[in-house]
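Shown next, in structure tokens, is the structure this report addresses.
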Amino acid sequence: MTTPISTGFNNSAQNYAGIGIYCNVIDPSKLPPDHPLLKGNMPNCTVVGPGGSQPNYGPGYYVNNYANNVTKKRVTILTDEYLQKLDKMLDGNDTTLREYAASEVVKRFQEDKTRMDDKALNALVNKMLLDPYDHKVRGRGLMLLDTNLASGDDNTMAVLDKISQDPNLQDSDKGKIETCKLQLSAKTTLVNTPVSTPASLGGDV
């Protein structure tokens with residue numbers, strides 16, 4: 001009868017994020033002299049997680065590579081044709097189309113936060129603020145500035161001053177205009193900040 005190499009049980013340990021690592025415990029005395037494991041090779045370990053079994057890459061692998069994990073998403077490319085169509089719709093007489101174009105401008109800022117200073121999009125925000133008919137279109141423009149999704153441009157402050165003099169301006173917009181002016185007057189800069197590691201990966205709670 002052949003003597004088994006494995007002791008017949010699994011030594012399990014919890015890795016980061018609750019992923020289980022299962023290693024066969026080997027009895028060296030049961031191995032032939034020329035067996036690779038006696039030459040310093042790693043034991044046969046398997047990582048079992050949501051995606052099934054995969055190789056164990058060693059301690060620290062998942063933490064060290066956490067910062068490199070990225071998620072791809074699909075965004076709309078700001079082509080000249082697309083921007084010109086939005087501009088034309090915002091200039092039109094159809095209220096429904098102007099509201100649709102305004103919502104598209106909002107989506108373009110929301111899907112990519114780096115577009116905050118985009119000149120073409122901020123020019124469209126100014127046009128939204130100057131909409132003479134529709135409170136919804138103007139409101140979306142104010143929201144973009146108030147939430148810092150859009151930074152405005154050299155003309156935005158003058159546009160806000162102009163619409164603040166509108167006798168038909170709604171009370172709710174008056175307060176937003178003032179907060180938008182405050183946002184535009186604030187100066188920002190980039191600073192280095194430590195990156196926090198989630199508690200599930202061994203970081204502080």
What are the residues in the stretch 110-142 that are surrounded by fewer than 18 Cβ atoms within 10 Å (Cβ to Cβ), in a helix (DSSP H, G or I) and within 21 Å of the chain's Cα centre (by Cα), if any?
Q110, E111, K113, T114, M116, D117
V105 versus (1) hydrophobic (A, V, I, L, M, F, W, C); (2) more than 15 Å from G139 (Cα to Cα); (3) modelled with pLDDT of 95 or more: which is the lone unmet condition?
(2)
Output yes when any residue across the stretch 93-109 is without any contact (Cβ under 8 Å) to a residue 24 or more places away in the chain, outside any helix (DSSP H, G or I), exposed (fewer than 15 other Cβ atoms within 10 Å of the Cβ) and of a type outside the set (V, I, T), and no when none is.
yes
Regarding G152, is this residue on the phi > 0 side of the Ramachandran plot and buried (at least 19 other Cβ atoms within 10 Å of the Cβ)?
yes
Among what's in the stretch 70-87 and is polar (S, T, N, Q) and part of a loop (DSSP other than H, G, I, E, B), pick the residue that is surrounded by the fewest Cβ atoms within 10 Å (Cβ to Cβ).
T71
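The values are calculated or read from the model by the stated rules, or taken from the named source; none is laboratory data. Computed from a predicted model, the values in this text were never measured in an experiment. Neighbour counts are summed over all protein chains in view; Cβ atoms, including those assigned to glycine, are modelled from backbone coordinates with ideal geometry.
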